[in-house]
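Contents: one structure, followed by commentary.
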Amino acid sequence: MSIRSITVAALISIILILAGLWVGQNVNLLPVAASANAPLYDQLFRVLLSVSTVLFLTIFSILIFSLIRFRRQMFESDDGLSLQNNLGLEILWTAIPAVIILVIGLYSYDIYDQMGGMVPLKKADNIYQSGKQAAIKGLETEQTVLVEGDKKPQDQKVWGGIGLGTISTENHTVPIEVTAMQFAFIFKYPSQNIVTGELHVPVGRPVELRMEAKDVIHAFWVPEFRLKQDIIPGQLTLLSFTPTRTGTYPIVCAELCGPYHGGMRSQVIVDEPDVFDEWLVTNTPSTVAANSNLSIG
Ligand SMILES: [Cu+2]
């Protein structure tokens, strides 16, 4: 190889990598990010998009260049050169994808781990249960706490389970029980005894979903939260998130669960904490409200 062709190859590589980085940073294919978990996911997505862009441009440039440069010339009828075996080239085109896949695999694992995906379900459920107890207790003792002033209980829990990795421990969690069935999601606020078809959550406060299915496998997916978790009959699953942006976002069933799967949708309404508290109070059944009409925060 001549110095000239090495220089040209190096220049083209630099341009391709810069183009990949530019696309990764500037092309946004994702919906708005509305949970504390989202930036982690988006970071991974940007890296994947950059790598894919470089590969796409490289492969298609070589393909199109070869189609034009090595095309059959007019009046040319004999076979092309018989070229076989280039060990160096074969090692190169095996090694490069192997390294790329290894790096992407390790990086994805790291992101999944940071999201709390590697924490065993049992441990995550213990966390949910203590959060639920705290919420119910909070309901009973809210008045006492108010009298005592701003003595905020310190939360020292260890977080786990999908989504839990990005949850802050400063606030009380909002425990919610989710039941999935053909073809609806039902949300229950255990401390308030509210049952509803659409999910209401406060912005900035950690939410924990404890999910079970009545019939077949479903999946709870909110694209704006960048989180998805299966809901399985007879097998409890958990999902945690902290909403960071008020608004109404779609909840989509992401597991083919029957003929009306495509219609299995709901919405999550992320409210300011005071609006959410008001919603809780307004919707608490009268028997519970008689005991206390205060929020689970
Ligand atoms: Cu479903």
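I'd like the full set of residues that are within 12 Å of the ligand (Cβ to nearest atom) and either open to solvent by less than 40 Å² (accessible area, probe 1.4 Å) or modelled with pLDDT of 95 or more (or both), limited to the range 222-255.
Those that are within 12 Å of the ligand (Cβ to nearest atom) and either open to solvent by less than 40 Å² (accessible area, probe 1.4 Å) or modelled with pLDDT of 95 or more (or both): I231, I251, V252, C253, A254.
From the set of residues in the range 188-221 that are within 21 Å of I269 (Cα to Cα), small (G, A, S) and under 21 Å from the mean Cα position of the chain (by Cα), which is farthest from the ligand (Cβ to nearest atom)?
Only one residue tops the list, namely G204.
Starting from the range 194-222, keep only residues that are in a loop (DSSP other than H, G, I, E, B), then list their pairs with residues that are within 11 Å of the ligand (Cβ to nearest atom) and open to solvent by less than 30 Å² (accessible area, probe 1.4 Å) whose Cβ atoms are within a distance under 6 Å, requiring at least 6 positions of separation or different chains.
E198/S266; V216/C257
Does F185 satisfy being touching a Leu at 6+ places or on another chain (Cβ under 7 Å), within 15 Å of the ligand (Cβ to nearest atom) and aromatic (F, W, Y)?
So F185 does not fit the description; no.
For D277, which of the numbered conditions (1) more than 9 Å from the ligand (Cβ to nearest atom); (2) acidic (D, E); (3) not in a helix (DSSP H, G or I) fails to hold?
Going through the list (1) more than 9 Å from the ligand (Cβ to nearest atom); (2) acidic (D, E); (3) not in a helix (DSSP H, G or I), D277 breaks only (3).
Given the options L16, L63, L48, L55, name the one that is crowded, with 17+ Cβ neighbours inside 10 Å, part of a helix (DSSP H, G or I) and outside the structural domain of R245 (by TED's automatic domain parsing).
L16
Within the set of pairs 6 or more residues apart or between chains, which connect a residue that is assigned by TED's automatic domain parsing to the domain that holds D215 and in contact (Cβ under 8 Å) with a residue 12 or more places away in the chain inside the range 252-265 to a residue that is more than 8 Å from the ligand (Cβ to nearest atom) and aromatic (F, W, Y) with Cβ atoms less than 7 Å apart?
From residues that are assigned by TED's automatic domain parsing to the domain that holds D215 and in contact (Cβ under 8 Å) with a residue 12 or more places away in the chain, the pairs are V252/W221; A254/W221.
Could you tell me whether any residue of the range 143-161 is in contact with a helix residue (DSSP H, G or I) (Cβ under 8 Å, 6 or more places away or on another chain), at pLDDT 65 or above and either at negative phi or assigned by TED's automatic domain parsing to the domain that holds P259 (or both)?
The answer is yes; a qualifying residue exists.
Restricting to the range 25-45, count the residues that are within 14 Å of I104 (Cα to Cα) and open to solvent by 60 Å² or more (accessible area, probe 1.4 Å).
Final tally of qualifying residues: 2.
The values are calculated or read from the model by the stated rules, or taken from the named source; none is laboratory data. In this text the structure is predicted, and so the values were computed from the model without any measurement. Here the Cβ is made from the backbone with ideal geometry for all residues, glycine too, and neighbour counts use every protein chain on show. These area figures cover heavy atoms from the full protein model, side chains too; ligands, DNA and RNA do not enter into them. Shrake-Rupley method; radii C 1.70, N 1.55, O 1.52, S 1.80 Å.
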